[in-house]
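Undergrad: Encoded as structure tokens, here's the structure I'll be asking about.
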Amino acid sequence: MGETMTPVRDSIEAKLTEAFAPEALEIIDESEKHRHHGHGIEGGETHFKVVMRAPAFNGMSRVARSRAVHGILKQELAGRVHALSLDLTGTQA
Amino acid sequence: MTDPSHETIKADIDANDVVLFMKGTKQAPQCGFSHRVAGVLRYLDIDFKDVNVLENEAIRNGIKTFSDWPTIPQLYVKGEFVGGCDIITEMTLSGELDSLLTDKGIAFNREAADKIREANA
């Protein structure tokens, strides 16, 4: 178990994979774009964009999909993660 | 409903057809996400009330539990939670926002909405 440089990202990835079994999952750290806010957190990992396609989202509204992800990432959102942009789709049109 | 801020929030969304809970004001947004949503609403000539959560810590926290939504901005139309920045952006581009506003009887500039879609096509 080596120490990772991106603990928050890794934790988000592990939790989302376990909860939603996504067909596609991309987690983009956008913290650098928001440096000017000066939230005073060293090391970034404060702003993320998640693009995920999962069968679990079929038949769910946009708000419901987002709430499901917010629920799984409650700990991250209450802590270091200041912004979480979500692009969530099901596997059916 | 034990949080007293929820009553204030409820009063605002009951008294106004369109309410945006945001960081800053519609004239001077203080965050990129709030800026984007306020910008879309203004561009579409929608009459909306802006609630600056930075001026009221109780509302800033209370709106998150009220809506079961952890981030700001948050848009309400006719008392119904519509979403935050990502959802409003997606709905603007897909035309779903036009449908929602039409269904709810909210006046907006459809040509402006088409212009946004053309520019992002």
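Undergrad: Of all residues in region B:68-121, which are of a type in the set (S, T, N, Q), more than 9 Å from chain A (Cβ to nearest Cβ) and surrounded by 15 or more Cβ atoms within 10 Å (Cβ to Cβ)? Can you show your working first?
TA: Narrowing region B:68-121 to residues of a type in the set (S, T, N, Q): B:71, B:74, B:89, B:92, B:94, B:99, B:102, B:109, B:120.
Then drop every residue that is not more than 9 Å from chain A (Cβ to nearest Cβ), which leaves B:74, B:89, B:92, B:94, B:99, B:102, B:109, B:120.
B:Q74, B:T89, B:T92 - these are the residues of region B:68-121 that are of a type in the set (S, T, N, Q), more than 9 Å from chain A (Cβ to nearest Cβ) and surrounded by 15 or more Cβ atoms within 10 Å (Cβ to Cβ).
Undergrad: Still on this structure: Just the residues that are among the small types (G, A, S) and within 14 Å of another protein chain (Cβ to nearest Cβ), please, taken from region B:30-67.
TA: Passing the criteria: B:G32, B:S34, B:S67.
Undergrad: Among the residues of region A:54-81, which ones are under 10 Å from the mean Cα position of the chain (by Cα) and part of a loop (DSSP other than H, G, I, E, B)?
TA: Answer for region A:54-81, where residues must be under 10 Å from the mean Cα position of the chain (by Cα) and part of a loop (DSSP other than H, G, I, E, B): A:L73, A:V81.
Undergrad: Any residue at all in region A:60-70 that's modelled with pLDDT of 95 or more and touching a Lys or Arg at 6+ places or on another chain (Cβ under 6 Å)?
TA: no
Undergrad: Mind checking which residues of region B:43-94 are touching a residue at least 60 places away in the same chain (Cβ under 8 Å) and of a type in the set (S, T, Y)?
TA: B:Y43, B:T65, B:Y76
The values are calculated or read from the model by the stated rules, or taken from the named source; none is laboratory data. Bear in mind that the values here come from a model prediction, so they are computed numbers and not experimental data. Note: ideal-geometry Cβ built from the backbone for every residue, glycine included; neighbour counts use all protein chains shown.
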